[in-house]
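To start, the structure under review is shown below, and the notes come after it.
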Amino acid sequence: MPVITRSAALVLGASLLSSLPALADEARYNQISLRAEVSQEVPRDLMLVTLYSEEQNADPAKLAAGISDTLNKALAQAREVKGVIVRQGSRNSYPIYDDKGQTITGWRERAEVRLESADFPALSKLTGELLQSLKMGAMDFSIADKTRKQSEDALLKEAVAAFKARAQLATDALGGKSYKVVNLNLNSAGYPRPYASAPMMMKAARADAAPVTPDVEAGTSEVSINADGVIEVMMP
């Protein structure tokens, strides 16, 4: 048994020694981390509107029925407009207490309708009509998924070209003869540009007034592609 143990140790030691050149070959030198970014302004082509109904009543059943009636009429009207995606948002109710905070004197309930469309005129007109019975919760704009993908695909080649240009600059600065890419990661990002909203446009019209179509200005978002990677410079 002792002889067998020593033999195994000798074989293992020889194996480790024979692997040292291979480990040395795998060592990496003259590696540089680089980052390049390209971007472009893309018009926001998707309009999102949140409207809501909010009421209070001492009878929670009557309150819920009233909110449901208002909401159902608004949903039915919105579904008639072509190109508008209609969704129900959050709905919740909570008690109202007296001044001492001990006795419930009534209930308040709020329910949302969320609208989305690439047809700004159609959704603006519908929003104005629905403001006869609902209140404005929010109006926002974003880039549609399809538009964002097209923009990112167009920028991807530019990002790789920008990375290669920086890699060549770094190689020249070190006096190298060439370089190879060790790894490269491409990441996308979008940043909304601030835009001014007009509070006056969000006020509900009087019951006897004609619907007012809100004027909208969608603005743009910056879509960018980041190229992060590592190169190895080959020296003469």
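Provide the gained length on full extension for the span ALA165 to SER90, in nm with one decimal, where the gain is 0.36 nm per separating residue minus the Cα-Cα distance.
22.0 nm
At a 10 angstrom cut-off on C-beta neighbours, averaged per residue, how do the peptides 72-85, 38-51 rank from highest to lowest?
For the peptides 72-85, 38-51, the packing ranking is 38-51, 72-85.
Laboratory data are not the source of any read-out in this text; all were calculated from the coordinates shown. This structure is a prediction, so every number in the text was calculated from the model and none was measured. No Cβ is skipped: glycine too gets one built from the backbone with ideal geometry, and neighbour counts run over all protein chains shown.
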